[in-house]
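The values are calculated or read from the model by the stated rules, or taken from the named source; none is laboratory data. Only a predicted model underlies this, so the values are computations on that prediction, with no experimental measurement involved. All Cβ positions, glycine included, derive from the backbone under ideal geometry; neighbour counts span all protein chains shown. The area values use the complete protein model at the heavy-atom level, side chains included, leaving out ligands, DNA and RNA. Shrake-Rupley method; radii C 1.70, N 1.55, O 1.52, S 1.80 Å.
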Amino acid sequence: MADHDYANHRLHSLLGVIPVGLFLVVHLTINYQATKGPAAFNQAASIMESLPYLLFLEIVLIYLPILFHAVYGVYIAFTAKNNVGNFSFFRNWMFLLQRLSGLFLVIFLAWHVWQTRIAMALGTPLNYELMAHILSNPGIIIFYIIGILCAVYHFSNGLWSFGVHWGILVSPKSQKIGTYVTLVIFVLLSYVGIRALFAFI
């Protein structure tokens, strides 16, 4: 691998955890407040919306990192050599699912941003009522369930890849432990995300 490709892979992995992954955790945590009722969610969303320099922070810490991660991720997805057909073992399947979930997330995130942030910029309040309206369509509910599971899987499995790329998970034993840890993260965040989703329905 050329030096610039190696550097891009490491940057892609890093941005997937910090700040994109951290934003996912915060985002799901805020959404989870909907389980306590509309007022709790609206209050949590209002606190985030009242942050100083919000647009600047969103562009620098969220949109630009996600854009790089998405564009380079699509490049990886279409140039990586998948070994699932030849070696049907666990990690190869995780590798393939990482790419497939990433491709789906490009579509899902574009739709989600359009329905929320763009709608807010056009004058629609970003509150519990907006999300309840969006999720009043059964087809959109299924779309969001798949989107949440893909996002959580992509982040959780990406944590494992991050550990390998950055020399944290080196030995087979540490990689096995890392697999169990990221599995627990996937289950917990999936619960938070799906539970929050149904709180709007």
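Thr116 satisfies every condition listed in (1) closer than 27 Å to Ile141 by Cβ; (2) loosely packed, with under 12 Cβ neighbours inside 10 Å; (3) of a type in the set (S, T, N, Q) except (2). Comparison of Val170, Val184 shows that the only residue that is of a type outside the set (D, E, K, R) and modelled with pLDDT of 95 or more is Val184.
Which one of Ser101, Ser156 is in contact (Cβ under 8 Å) with a residue 40 or more places away in the chain and in a helix (DSSP H, G or I)?
None of the other options fit; the residue is Ser101.
Close contacts from the range 1-17, counting a first residue that is of a type in the set (Val, Ile, Thr) and a second that is surrounded by 13 or more Cβ atoms within 10 Å (Cβ to Cβ) and modelled with pLDDT of 80 or more, with Cβ to Cβ under 7 Å and a gap of 6+ residues or different chains, come to Val17/Gly158; Val17/Leu159; Val17/Phe162.
Residue pairs whose Cβ atoms lie under 6 Å apart, sitting 6 or more positions apart in sequence or on different chains, and linking a residue in the range 165-178 that is within 16 Å of Phe95 (Cα to Cα) to a partner that is open to solvent by less than 100 Å² (accessible area, probe 1.4 Å) and assigned to a loop (DSSP other than H, G, I, E, B), are Gln175/Leu169; Gly178/Leu169.
Cβ-Cβ contacts under 9 Å between residues 6 or more apart (or on different chains), taken from a first residue in the range 63-81 that is more than 17 Å from Ala110 (Cβ to Cβ) and open to solvent by less than 90 Å² (accessible area, probe 1.4 Å) to a second residue that is in a helix (DSSP H, G or I) and among the small types (Gly, Ala, Ser), are listed as Ile76/Gly102.
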